[in-house]
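Data block below; observations after.
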Amino acid sequence: MDNSGSNGRNFIKLKLKRKIFFYLTIIFLFFNFLQANEWKLSYKLDISIIITSLGLDLSANLFKRDINGLSQDKVGNLDKNDIFILDRFAADLYDLNLKDASDYTVYANFLIPIGTSLFIDKENFFSDMIIYGEVMYLQSALVKWGKYLTKRNRPYTYNEEGKSRSQSREARFSFPSMHASTAFSAAVFASILYQQKGGKNPTMFWIANLSLATATGALRVASGNHFPTDVICGAIVGSAIGYLIPHLHKVQNENQRISLLFAGNYIGVNIKFD
């Protein structure tokens, strides 16, 4: 009796099982990395982040010094119809009280990670704050460069009530929103910190933090200081940095050992915890 066909099918099935197991193992290892429950400072990593942030910040500040506010002639020639259609409505908004409110909400966003670390893991407060400082510094430096490169006029430069502020250099730095970037980087960092260290109801904590950050962004638009796209871009930058920096500091449980076993028709995984 010819068993070659049967042996061939068994061989294909075995190869398929091994491939499936390989990919499942890769996914497992990746998930295991994301779920690591410790942050670890590293001279090489932290110095690299700080030096990069410092270089970006100082160079952006240096170049921004040469930017002047708008002259009266340029302000008079501004046309709302030149604004991106989805942003155009913001040129009709102006409210200094809402501007002040956005300052208060972003201060609250900024302070929440500090309070979270003190409340939930006081012993690691120093290292948490170093990582948080890196988040704040890097996002700020990146946003400053974005402002310098785009030199986008703020919405209030198109508004009769706000034109008195148009000759200020800050009137040229609308994109992206520093308030939004700061708020969302702090919100994401605080939420990751809270969830990683075992805080109760982390989903509600995420929702509360992101809601406050969203309120900051909305107030920046309503006050006439930013266009919606400024806020959206700032939120993306801030969220990305707020997520990336702490995850670069995550370490796996060094006591965990994972090995793969292949023997004939047997495929297995061995996980050892010392």
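The values are calculated or read from the model by the stated rules, or taken from the named source; none is laboratory data. Being a predicted model, the structure only gives us computed values, none of them experimental. Here the Cβ is made from the backbone with ideal geometry for all residues, glycine too, and neighbour counts use every protein chain on show.
Does Leu78 satisfy the condition of being touching a Ser or Thr at 6+ places or on another chain (Cβ under 7 Å), assigned by TED's automatic domain parsing to the domain that holds Ala141 and not in a helix (DSSP H, G or I)? Yes, satisfied. For His226, the requirement of being within 16 Å of the chain's Cα centre (by Cα), within 30 Å of Lys74 (Cβ to Cβ) and crowded, with 22+ Cβ neighbours inside 10 Å is not met.
Quick check on my filter: what residues within the range 81-102 are in a helix (DSSP H, G or I) and exposed (fewer than 14 other Cβ atoms within 10 Å of the Cβ)? Before you say what the answer is, go through the steps one by one.
At the first step, the residues of the range 81-102 found to be in a helix (DSSP H, G or I) are 81-82, 88-92, 96-102.
The answer is Asn81, Asp82, Asp92, Asn97, Asp100.
Going through (1) in contact with a helix residue (DSSP H, G or I) (Cβ under 9 Å, 6 or more places away or on another chain); (2) modelled with pLDDT of 85 or more one by one, Glu38 falls short only on (2).
Is the range 140-151 home to any residue that is in contact with a strand residue (DSSP E or B) (Cβ under 9 Å, 6 or more places away or on another chain), touching a residue at least 40 places away in the same chain (Cβ under 8 Å) and of a type in the set (A, V, I, L, M)?
If we filter the range 140-151 for residues that are in contact with a strand residue (DSSP E or B) (Cβ under 9 Å, 6 or more places away or on another chain), which is where we start, we get none.
No, every residue in the range 140-151 fails to be in contact with a strand residue (DSSP E or B) (Cβ under 9 Å, 6 or more places away or on another chain), touching a residue at least 40 places away in the same chain (Cβ under 8 Å) and of a type in the set (A, V, I, L, M).
Filter the range 167-216 down to residues that are over 23 Å from Asp103 (Cβ atoms) and in contact (Cβ under 8 Å) with a residue 24 or more places away in the chain, then give me how many there are. Number satisfying all stated conditions: 7. Restricted to the range 62-94, and to residues there that are more than 28 Å from the chain's Cα centre (by Cα) and among the acidic types (Asp, Glu), the residue that is nearest to Tyr156 (Cα to Cα) is Asp92.
Results for (1) assigned by TED's automatic domain parsing to the domain that holds Lys147; (2) modelled with pLDDT of 95 or more, shown as yes or no for each residue.
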| residue | (1), (2) |
| --- | --- |
| Thr216 | yes, yes |
| Asp230 | yes, yes |
| His247 | yes, no |
| Leu261 | no, no |
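Of all the residues that make up the range 131-157, how many are in a loop (DSSP other than H, G, I, E, B) and touching a helix residue (DSSP H, G or I) at 6+ places or on another chain (Cβ under 7 Å)?
Taking the range 131-157 as the starting set, the residues that turn out to be in a loop (DSSP other than H, G, I, E, B) are 151-154.
Now narrow it down to the ones that are touching a helix residue (DSSP H, G or I) at 6+ places or on another chain (Cβ under 7 Å): 151, 153-154.
So the answer is 3.
Cβ-Cβ distances below 6 Å connect the following pairs, each with a first residue in the range 219-248 that is free of Cβ contacts under 8 Å to residues at least 60 places away in the same chain, a second residue that is of a type in the set (Phe, Trp, Tyr), and a separation of six or more residues or different chains: Ala235/Phe184; Ser239/Phe184.
Filtered by the rule that a residue be over 28 Å from Phe125 (Cβ atoms) and of a type in the set (Ser, Thr, Tyr), the range 182-233 gives Ser223, Thr229.
What do you reckon, is Glu254 within 30 Å of Asp95 (Cβ to Cβ) and modelled with pLDDT under 95? If you could, list the steps in order and put the result at the bottom.
On the way: within 30 Å of Asp95 (Cβ to Cβ): no; modelled with pLDDT under 95: yes.
Taking the combined requirement at face value, the residue does not satisfy it.
Within the range 211-220, identify whether any single residue is surrounded by 24 or more Cβ atoms within 10 Å (Cβ to Cβ), over 19 Å from the mean Cα position of the chain (by Cα) and part of a helix (DSSP H, G or I), and answer yes or no. Scanning the range 211-220 turns up at least one residue that is surrounded by 24 or more Cβ atoms within 10 Å (Cβ to Cβ), over 19 Å from the mean Cα position of the chain (by Cα) and part of a helix (DSSP H, G or I).
Report yes if some residue within the range 190-198 is within 20 Å of the chain's Cα centre (by Cα), of a type in the set (Gly, Ala, Ser), buried (at least 23 other Cβ atoms within 10 Å of the Cβ) and part of a helix (DSSP H, G or I); otherwise report no. Yes, that holds for at least one residue. For the range 110-130, filtered to residues that are under 16 Å from the mean Cα position of the chain (by Cα) and surrounded by fewer than 24 Cβ atoms within 10 Å (Cβ to Cβ), the residue that is nearest to Ser185 (Cα to Cα) is Phe110.
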